[in-house]
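Everything on this sheet refers to the single structure shown next.
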Amino acid sequence: MKKQKFITFAKILLISLITIPFCIRFLSVPFAQKDATNYFTVNHENYRQMANGMDYWIDKKMGREHFNTGSQRFDGEWLFGTYLMTAIGYTQEALIFPEMYDKNIGKIKTALEAINTESIQKFDFEAWGESPLTFKTSDHAAYLGYYNLALSLYHLLNKNKINKETDELIILNTKISKFLEKRLILSPLKMLLSYPKEIYSVDNCAVISSLAVFEKATNQPQSEIISTWFDACREVCMDPKTGTLIQALHWQDASLVEYPRASGTFLGIYFLSFAHPEFAKELYENARDEFFTTVLGLGAVREYTRDVPAGLGDIDSGPVVFGFGLSPIGFMLGCARIFDDEQTFSSLFGTCYIGGAAVKSEDRFNWSTGGSIGDAVMFGMLTTIKAKDWEKFK
Amino acid sequence: MKKFIEPILILLITGFVCLSPNWLFDHQAVFALLSPGPHTQVWHIFFFLTFLLLRLFVILILPGYLLVRLGYIFFEKCKPRKGEQ
């Protein structure tokens, strides 16, 4: 009797082991990826729903108290990231669909003005001991690089629309761009400091792309400092073995401080796509070969390179489970969209669908498990401007 | 009574997975998972992890499980009973 029961159990187990992976591959994964093509293409309805989803957060007038990371600096950075990616997402939407300009311009200004408040600048102020807008001898790349990118995109959007001499955001954009350019020229490494004695490759990618977009907005030819920066980046930021971006560099000699990571690399690639799409594509292909993998058709992204033992990640990368990170999935999704890599996009979208738990209600689209920062990042990444479309804005 | 437990459990799990995203969204529950510490409410982490595990179960495992289960029930029904042979 016992033997009979054991045989039945073994049969069921064997059938389950064959059937369940089969069902995951041919039922669950296609179900999770069903909207992928829709989000891969430039679809006005999706953009509108995602923008409405971000309106929910913007209307809340968020402050540091809405975040609960346990670290004052991270609370500030995430609040900053939420407003920044929201502003960038709205701007990208209006650049692609010019008819959305009137609807979005007020919201873009709200988000950009929120970034320029003491409560958001506080994380940078606490690190440097001075306001990021003093324009003295400290680089403040962690604040100015990102903020200036959003301002430069705003400038590009308003290229022929408003009076540039009187618009405060454009005046600020010009001021920051000149300051960052000056700091880059003075830097022997051609890299700016994010915080005292800390250099991060991704923050410098944001700095350079902000300057490149500023030049596009002001119809200037590419300056020498930007052209030479890519050589410097290749020399000091790119890992010679994998061709991905080293996460952190020593502030004096640019030696390695932290190994390349997928979260920093893919965010950096997204920024560089504004400045140098060919270079960004080369980095994207290297990073895809190194970090990306699929499990039963679902995309996953290693946070660390293959030859480095996986850490636990940090608050920027999200938890790292079995070596795979959460935030790099979102950043890579945007990069796959930029470089027309539909297969990679679909597999990653399936993973996002399962883990992100999309909520659609009354014209609104949000990702329920990411909170405001996750929503803002996904909004920015799913509205990216494809590399081939950048020609339109020259 | 015993035979109703399984379908009721599946319905409850699926219902929970379908209805809880709104709650998670409104409470920004993600922070509980990303930065657990003394400031985090334990029930937030518990709810969030439960949600993720159950969602993974419902989307990935449940279709295959149901197929195997239905196959098993069908097989049992078709099996000749004792004395019929």
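The values are calculated or read from the model by the stated rules, or taken from the named source; none is laboratory data. All of these numbers come straight from a predicted model, not from anything done at the bench. Here Cβ is always computed from backbone atoms with ideal geometry, including for glycine, and neighbour counts include all displayed protein chains. Quick note on the areas: whole protein, heavy atoms, side chains included, nothing else; ligands and nucleic acids left out. Shrake-Rupley method; radii C 1.70, N 1.55, O 1.52, S 1.80 Å.
Could you check the range B:51-67 and list, in sequence order, the residues that are more than 8 Å from chain A (Cβ to nearest Cβ) and in contact with a Ser or Thr (Cβ under 9 Å, 6 or more places away or on another chain)?
Once the filter is applied, which keeps residues that are more than 8 Å from chain A (Cβ to nearest Cβ) and in contact with a Ser or Thr (Cβ under 9 Å, 6 or more places away or on another chain), the range B:51-67 yields B:Leu54, B:Val58, B:Leu62.
Before we move on, is A:Phe67 among the aromatic types (Phe, Trp, Tyr) and within 12 Å of chain B (Cβ to nearest Cβ)?
yes
If you go through the range A:24-49, how many residues are within 14 Å of A:Cys352 (Cα to Cα), more than 14 Å from chain B (Cβ to nearest Cβ) and either in contact with a His (Cβ under 9 Å, 6 or more places away or on another chain) or of a type in the set (Lys, Arg) (or both)?
Counting residues in the range A:24-49 that are within 14 Å of A:Cys352 (Cα to Cα), more than 14 Å from chain B (Cβ to nearest Cβ) and either in contact with a His (Cβ under 9 Å, 6 or more places away or on another chain) or of a type in the set (Lys, Arg) (or both) gives 0.
Considering only residues that are part of a helix (DSSP H, G or I) and in contact (Cβ under 8 Å) with a residue 60 or more places away in the chain, look in the range A:165-201 and name the one that is nearest to A:Asp231 (Cα to Cα).
Within the range A:165-201, the match that is nearest to A:Asp231 (Cα to Cα) is A:Ser201.
In the range A:19-63, which helices (runs of 4 or more DSSP H) lie fully inside it and hold 3 or more residues that are in contact with a strand residue (DSSP E or B) (Cβ under 8 Å, 6 or more places away or on another chain)?
Per the criteria, A:44-59.
Quick one: would you say A:Asp75 is within 14 Å of chain B (Cβ to nearest Cβ), farther than 19 Å from A:Phe271 by Cα and part of a helix (DSSP H, G or I)?
yes
Within the range A:84-92, can one find any residue that is in contact (Cβ under 8 Å) with a residue 12 or more places away in the chain, among the β-branched types (Val, Ile, Thr), open to solvent by less than 20 Å² (accessible area, probe 1.4 Å) and touching an Asp or Glu at 6+ places or on another chain (Cβ under 8 Å)?
No, that holds for no residue.
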